[in-house]
Amino acid sequence: MDEQITIRVPRTLARALARLARAEGVKRSHLVRQALVGFLRPAATSSERVAAVREPARGPYADRGIPRYKVALRRSLEGFSVSVPGLPGCWSQGATEEEALANIGAAIREYLAVRDDLLRGATVRHVAVG
(Lines give C-alpha, C1' and ligand atoms only; values in the text may rest on other atoms or scores of the structure.)
Protein backbone atom coordinates (compact mmCIF):
# COMPACT_ATOMS: atom_id res chain seq x y z
CA MET A 1 0.00 0.00 0.00
CA ASP A 2 1.33 3.45 -0.91
CA GLU A 3 2.08 5.75 1.94
CA GLN A 4 0.26 9.07 1.75
CA ILE A 5 2.09 12.24 2.68
CA THR A 6 0.92 15.83 2.83
CA ILE A 7 3.12 18.61 1.49
CA ARG A 8 2.26 22.26 2.04
CA VAL A 9 3.49 24.54 -0.71
CA PRO A 10 3.32 28.32 -1.10
CA ARG A 11 0.11 29.59 -2.67
CA THR A 12 1.91 30.85 -5.78
CA LEU A 13 3.41 27.42 -6.41
CA ALA A 14 0.05 25.71 -5.85
CA ARG A 15 -1.57 28.04 -8.39
CA ALA A 16 1.21 27.42 -10.90
CA LEU A 17 0.79 23.65 -10.44
CA ALA A 18 -2.97 23.98 -10.93
CA ARG A 19 -2.50 25.91 -14.20
CA LEU A 20 0.04 23.39 -15.47
CA ALA A 21 -2.19 20.46 -14.48
CA ARG A 22 -5.18 21.99 -16.33
CA ALA A 23 -3.03 22.60 -19.41
CA GLU A 24 -1.77 19.00 -19.43
CA GLY A 25 -5.11 17.45 -18.39
CA VAL A 26 -3.73 15.67 -15.31
CA LYS A 27 -4.12 15.98 -11.55
CA ARG A 28 -1.84 18.25 -9.53
CA SER A 29 -0.83 15.27 -7.40
CA HIS A 30 0.44 13.54 -10.55
CA LEU A 31 2.68 16.53 -11.35
CA VAL A 32 3.99 16.68 -7.79
CA ARG A 33 4.69 12.94 -7.79
CA GLN A 34 6.63 13.29 -11.07
CA ALA A 35 8.63 16.22 -9.68
CA LEU A 36 9.46 14.35 -6.47
CA VAL A 37 10.51 11.20 -8.29
CA GLY A 38 12.73 13.28 -10.57
CA PHE A 39 14.18 15.17 -7.63
CA LEU A 40 14.85 12.08 -5.51
CA ARG A 41 16.38 10.09 -8.36
CA PRO A 42 20.18 10.28 -8.03
CA ALA A 43 21.57 12.97 -10.29
CA ALA A 44 25.14 13.38 -11.47
CA THR A 45 25.62 16.40 -9.20
CA SER A 46 23.59 18.18 -6.56
CA SER A 47 23.55 21.32 -8.74
CA GLU A 48 21.61 19.38 -11.42
CA ARG A 49 19.05 18.42 -8.75
CA VAL A 50 18.67 22.06 -7.68
CA ALA A 51 18.39 23.25 -11.28
CA ALA A 52 15.53 20.80 -11.80
CA VAL A 53 13.36 22.53 -9.19
CA ARG A 54 14.46 26.15 -9.52
CA GLU A 55 12.19 28.21 -11.75
CA PRO A 56 13.35 31.48 -13.30
CA ALA A 57 11.80 34.65 -11.89
CA ARG A 58 9.36 36.32 -14.27
CA GLY A 59 6.79 39.07 -14.30
CA PRO A 60 6.05 42.04 -12.07
CA TYR A 61 5.83 39.90 -8.91
CA ALA A 62 9.14 38.08 -9.38
CA ASP A 63 10.56 39.41 -6.11
CA ARG A 64 7.60 38.18 -4.05
CA GLY A 65 9.88 35.85 -2.07
CA ILE A 66 11.62 38.85 -0.52
CA PRO A 67 9.85 39.95 2.68
CA ARG A 68 8.75 43.58 2.68
CA TYR A 69 7.97 45.65 5.75
CA LYS A 70 6.00 48.85 6.03
CA VAL A 71 8.16 51.54 7.67
CA ALA A 72 7.32 54.93 9.18
CA LEU A 73 9.77 57.62 8.09
CA ARG A 74 9.87 60.91 10.01
CA ARG A 75 11.97 64.00 9.48
CA SER A 76 13.78 65.12 12.63
CA LEU A 77 16.27 67.83 13.54
CA GLU A 78 19.17 65.39 13.02
CA GLY A 79 17.91 63.93 9.73
CA PHE A 80 15.41 61.09 9.43
CA SER A 81 14.17 58.53 11.92
CA VAL A 82 12.50 55.35 10.73
CA SER A 83 10.61 52.60 12.56
CA VAL A 84 8.88 49.35 11.61
CA PRO A 85 5.36 49.18 13.10
CA GLY A 86 5.19 45.41 12.46
CA LEU A 87 8.40 44.77 14.45
CA PRO A 88 8.12 46.45 17.87
CA GLY A 89 11.36 48.12 18.95
CA CYS A 90 12.90 48.00 15.47
CA TRP A 91 13.99 51.51 14.53
CA SER A 92 16.95 53.39 13.07
CA GLN A 93 17.97 56.79 11.75
CA GLY A 94 20.10 58.48 9.12
CA ALA A 95 21.25 61.88 7.91
CA THR A 96 19.40 61.40 4.61
CA GLU A 97 16.30 59.43 3.67
CA GLU A 98 18.40 56.93 1.68
CA GLU A 99 20.78 56.40 4.61
CA ALA A 100 17.87 55.92 7.02
CA LEU A 101 16.25 53.33 4.73
CA ALA A 102 19.56 51.47 4.31
CA ASN A 103 20.05 51.50 8.09
CA ILE A 104 16.54 50.17 8.77
CA GLY A 105 17.19 47.34 6.31
CA ALA A 106 20.19 46.28 8.40
CA ALA A 107 18.17 46.72 11.61
CA ILE A 108 15.37 44.48 10.26
CA ARG A 109 17.86 41.74 9.34
CA GLU A 110 19.39 41.87 12.83
CA TYR A 111 15.95 41.94 14.48
CA LEU A 112 14.86 38.83 12.56
CA ALA A 113 18.14 37.02 13.35
CA VAL A 114 17.66 37.65 17.07
CA ARG A 115 14.01 36.53 16.83
CA ASP A 116 15.10 33.29 15.15
CA ASP A 117 17.72 32.70 17.87
CA LEU A 118 15.09 33.19 20.58
CA LEU A 119 12.73 30.72 18.88
CA ARG A 120 15.37 28.02 18.40
CA GLY A 121 14.23 24.87 20.16
CA ALA A 122 10.69 26.16 20.77
CA THR A 123 7.55 24.59 19.36
CA VAL A 124 6.12 27.16 16.94
CA ARG A 125 2.50 27.19 15.78
CA HIS A 126 0.59 29.54 13.49
CA VAL A 127 -2.79 30.90 14.54
CA ALA A 128 -5.34 32.23 12.08
CA VAL A 129 -7.16 35.33 13.29
CA GLY A 130 -10.20 36.36 11.37
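Some values worked out for this structure:
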{"quantity": "Pairs with Cβ under 9 Å, 6+ apart, first in the range 115-130 and assigned by TED's automatic domain parsing to the domain that holds Pro88, second surrounded by 10 or more Cβ atoms within 10 Å (Cβ to Cβ) and outside any loop (DSSP other than H, G, I, E, B)", "calculated": "none"}
{"quantity": "In the range 100-119, the residues that are under 16 Å from Leu73 (Cβ atoms) and exposed (fewer than 15 other Cβ atoms within 10 Å of the Cβ)", "calculated": "Ala102, Gly105, Ala106"}
{"quantity": "Elements of type helices (runs of 4 or more DSSP H) contained in the range 26-130, each with 2 or more residues being among the small types (Gly, Ala, Ser), at pLDDT 65 or above and out of contact with any strand residue (DSSP E or B) (no Cβ under 7 Å at 6 or more places or on another chain)", "calculated": "28-40, 97-119"}
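The values are calculated or read from the model by the stated rules, or taken from the named source; none is laboratory data. As the structure is a computational prediction, the values presented were derived from the model and not from experiment. Every residue, glycine among them, receives a Cβ derived from its backbone with ideal geometry; neighbour counts consider all protein chains shown.
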